[in-house]
Amino acid sequence: MAFVRKHAFKIALFALCLAMAAYLLISNLKGEGEKLEVLQKAPDFELTSIDGEQVSLQNTNGKVRIVYFYFASCPDVCPPTTFMLSQVQDQLKEKNLFGEKALLISITFDPERDTPEAIRNFADKVHADYTSWKFLRGEEEPTIALAKEFGVGVFKDEKGQFSHFNVITLVDKEGQIRKWYNGNDENLTPEQIVKDMESLM
């Protein structure tokens, strides 16, 4: 019992990752063209953008959203996933949907290191358009808890380094989660994400 209590968070995180992995496997087996069912209600939040704007999930209702949890000093998965989201941004712009009907939201769970300046340096590398791609930050512990509510496991080790499940979440206009994407999936394309977003507009 002492072991379970000591490692309760790690055990819960492992269980969450197993459940998410199972979902993503089943989702990939379904193939394209499947109807996007409501998976769960997305948790609301109110966080601050790098421009000082207060942004909540509720006040962005009416638009289809992509929500992605990351940290700017991530050594591996976050930069390429953010680059792919920049391609989603560009395709939405080409279709005149970006801002009008679609929004991208990136949330850092490392606010201590991810200052507004650090986030801007990170986002500028992929030419993020801040008008409708919101880079948000808040307090660390509540943000990690929020990520978990979104189905994204985040763990911080004794050295202050993060590991996390690299998941992109699709949220519809009513604030309901319709799909989770495995950001590590080599077969995932921006075209697929844009197509799914369009189907919810």
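Can you give the FRET efficiency for Lys195 and Thr48, using 1/(1 + (r/R0)^6), R0 = 35 Å, r = Cβ-Cβ distance, to the nearest 0.05? The pair Lys195/Thr48 has a calculated efficiency of 0.65. Label-to-label distance for Glu174 and Thr115 is 4.4 nm, based on points extended 7 Å past Cα in the beta-carbon direction. Restricting region 100-201 to GluC sites (Glu not before Pro) that sit in a DSSP loop and have at most 16 other Cβ atoms within 10 Å of their own Cβ leaves Glu100, Glu112, Glu139, Glu158, Glu174, Glu186.
Can you compute the label reach from Asn61? Point 7 Å from Cα along the Cβ direction, backbone N cut-off under 20 Å, restricted to region 171-191. 171-179, by backbone N distance to the label point.
Here, each number is a calculation from the coordinates, and none is a lab measurement. Keep in mind it's a predicted model, so treat the numbers as computed, not measured. Backbone-built Cβ (ideal geometry, glycine too); neighbour counts: all protein chains shown.
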